[in-house]
Amino acid sequence: GSLERAEAQVPRLGDYLIEKGLLTADQLNQALRRQKQDTHKGTGSLLGRVLIDQGLIDQKVLEEVVIEQVLALQTALKEANAQLEKKVEERTLDLQRRVVQIQTAAEVAQSAISATNLGELLSTTVNLIVERFGYYYASIFLVDDTGQYAVLREATGRIGKELINRNYRLAVGSRSVVGWVT
């Protein structure tokens with residue numbers, strides 16, 4: 001989860017002490033060996049306590065480093081939470097779009113049942129598509145009886161109506177989206 005991602009962004013205590021120049025890699029390895037030995041004896045200690053006991057750092061340095069790490073972890077958690085919130089928002093918007101699609105499909109289906117003629121059904125369909133999906137234009141082509149042309153049967157807007165009046169058509173299989181689909 002977000003805690004694991006945040007923790008991964010904050011160096012472990014030993015690495016952080018090396019990074020700050022307060023400890024060498026050899027000193028850290030020595031302290032880790034001692035910690036491991038203590039754990040095997042059943043008297044395990046936290047790394048910070050081992051470092052203090054060996055005189056490699058003092059209590060004040062440990063407290064300062066731990067505070068810095070806690071603050072870094074807090075910042076990393078805030079960033080991880082912000083990323084999660086953004087993902088939730090994106091997914092919520094995606095779900096809302098899908099709900100609109102399903103509702104629109106249901107309305108088109110209802111329109112198909114109640115329409116008194118094909119023209120009414122096509123008109124309702126293009127208008128719902130434009131209205132619900134926010135498109136500026138929608139059109140419906142139907143393949144003619146010969147199977148050679150896709151004829152524009154319904155479209156939105158002034159230009160759409162003008163194209164319908166001109167019997168606009170595209171050859172089936174032509175180099176257009178409509179031709180490709182047909």
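The values are calculated or read from the model by the stated rules, or taken from the named source; none is laboratory data. The shown structure was predicted, so the numbers you read here are calculated from the model rather than taken from an experiment. FYI the Cβ positions are ideal-geometry reconstructions off the backbone, even for glycines, and counts take in every protein chain you see. In case anyone asks, the SASA skips ligands and DNA or RNA and just uses the protein heavy atoms, side chains included. Shrake-Rupley method; radii C 1.70, N 1.55, O 1.52, S 1.80 Å.
Tabulated values for the structure
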| quantity | calculated |
| --- | --- |
| Scan of the range 87-128 for residues that are polar (S, T, N, Q), under 15 Å from GLU154 (Cβ atoms) and modelled with pLDDT under 90, ordered by number | SER111 |
| Cβ-Cβ under 6 Å pairs, at least 6 apart or on other chains, the range 135-154 side farther than 9 Å from ARG169 by Cα, far side of a type in the set (Ser, Thr, Tyr) and at pLDDT 95 or above | TYR137/THR156; ALA138/THR156 |
| Residues within the range 145-163 that are assigned to a helix (DSSP H, G or I) and open to solvent by 100 Å² or more (accessible area, probe 1.4 Å), tallied | 2 |
| Filter result (modelled with pLDDT under 95, assigned to a loop (DSSP other than H, G, I, E, B) and surrounded by 15 or more Cβ atoms within 10 Å (Cβ to Cβ)) within the range 164-180 | none |
| Meets criteria (loosely packed, with under 12 Cβ neighbours inside 10 Å and not in a loop (DSSP other than H, G, I, E, B)) for GLU131 | no |
